[in-house]
1. Cut-off is 10 Å between beta-carbons; in what order do Leu198, Leu90 appear when sorted fewest neighbours first?
2. Considering only DSSP beta bridges with both partners in the chain, what is the antiparallel share in %, to the nearest 5?
3. Between Ala89 and Glu304, what length in nm is gained on full extension when 0.36 nm per residue of separation is reduced by their alpha carbon distance?
4. Which value, in debye to the nearest 20, describes the size of the charge dipole of the chain about its Cα centre when Lys and Arg Cβ atoms bear +1, Asp and Glu Cβ atoms bear -1, and nothing else is charged?
5. What is the dipole size for region 189-277, taken about its Cα centre, with +1 at each Lys and Arg Cβ and -1 at each Asp and Glu Cβ, in debye to the nearest 20?
6. Rounded to the nearest 5, what % of the DSSP beta bridges within region 35-189 are antiparallel ones?
7. Mind giving me the nanometre distance, one decimal, between the label points for Asn217 and Asn79, set 7 Å out from Cα along Cα→Cβ?
8. Among His27, His117, what is the fewest-to-most ranking by other Cβ atoms within 10 Å?
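Please treat every number below as a calculation from the coordinates, not as lab data. Keep in mind that what you see is a predicted model, and the values were worked out from it rather than measured. Backbone-built Cβ (ideal geometry, glycine too); neighbour counts: all protein chains shown.
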Amino acid sequence: MRRFCHIIALSLAVALLVGCQDRLRFHSASIEHNATPVQIERFDHDFYTLDSMHLAHRYGDFLPIYVHQIMQIAPGKINDFKADSAFAALRKQVDSVYASASEIEETLGVAFAYYKHYFPQNDVPSVSFHVSGFNQSVVTTSDRVSASIDNYLGQDFPTYAQVAYQYEMPYMTPRHLPIDVLLGWITSEYPDSNGRLLESMLYHGKIIYLLQVCFPNEDVAELLCYTPQQLEWCKRYEKNIWAMLVEKRELYSTDWRVITKYTQPAPFTNGLSQEQSPGRIGVFIGWRIVSEYMQRNVQVTLRELMNETDAQKILQHSGYRP
């Protein structure tokens, strides 16, 4: 029995290594070396120093979104908002972490260089920082993606205990910010079809696979918002998870509650171990299926992958058998 378990573990390790090597075919030293750092615009500073005409010229549609939707500032109350002492204190804390954005600009430069290389027909957005008072982390317009950097001050930032869930806090960090920026832009370019659970799983799996290409030095656990231990648990029980989805006949469910259970952030997945299982278990399985699909179908480009809407085709052609 011990020898049998050892063989299973070895086979899994080999499969994951092959999958990693498959993804590496999209990596290129020339893309990374020729990447231009992204120039992040500091809306969080400009909002307080530029007049409304210059703000509107520079930030376009994002300005009214920030004023009316994110911050919900009443007409004629912008000056009162700018003078708010609590918000000023938050901005000071933000500036202590983001006095410079050079590292994030370099990371995003590589990520968007990969994105533009494999999706030359797609636009690369302007990138900016704003402070939202812990509102939505990433906001996109037709030509911009902006990160609310007060949501990325480090998992130990004291206020997070009052405004965030415990399982969210490990990813409210400067390290995770570039990932969420690109994730926000990709999901705006390729929105979820909101079909069955299988479609949603593969949609998220494709996103994770693409993020792996664009962030060649990042651990997949970070991209999945998993700890290393949670990722190891998923790998160990992958066969059991897949069997459960098949046996419960939830794979083709259109019930939003089922889809949410398996694809949205949560401290654990209902029906699995509360102590060990992470949330978004369907995203993990979706990523594994997509990885197998791309490994077996090397002629498929990243663009073709993202445009493929036939989930059953991807599943069948993946040969997925955990």
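1. Working: Leu198 22, Leu90 18.
Taking fewest neighbouring Cβ atoms as first place, the list is Leu90, Leu198.
2. Details: 3 of 10 bridges.
Bridges in the chain that DSSP calls antiparallel: roughly 30 percent.
3. Details: separation 215, 0.36 × 215 = 77.40 nm, distance 4.73 nm.
Answer, rounded to one decimal: 72.7 nm.
4. Values: 28 positive and 35 negative charges, 252 e Å.
Computed charge dipole of the chain: roughly 1220 debye.
5. On the way: 9 positive and 12 negative charges, 74 e Å.
About 360 debye.
6. Details: 3 of 10 bridges.
Beta bridges within region 35-189, antiparallel portion: roughly 30 percent.
7. 4.7
8. Values: His27 14, His117 17.
So the residues, fewest neighbours to most, are His27, His117.
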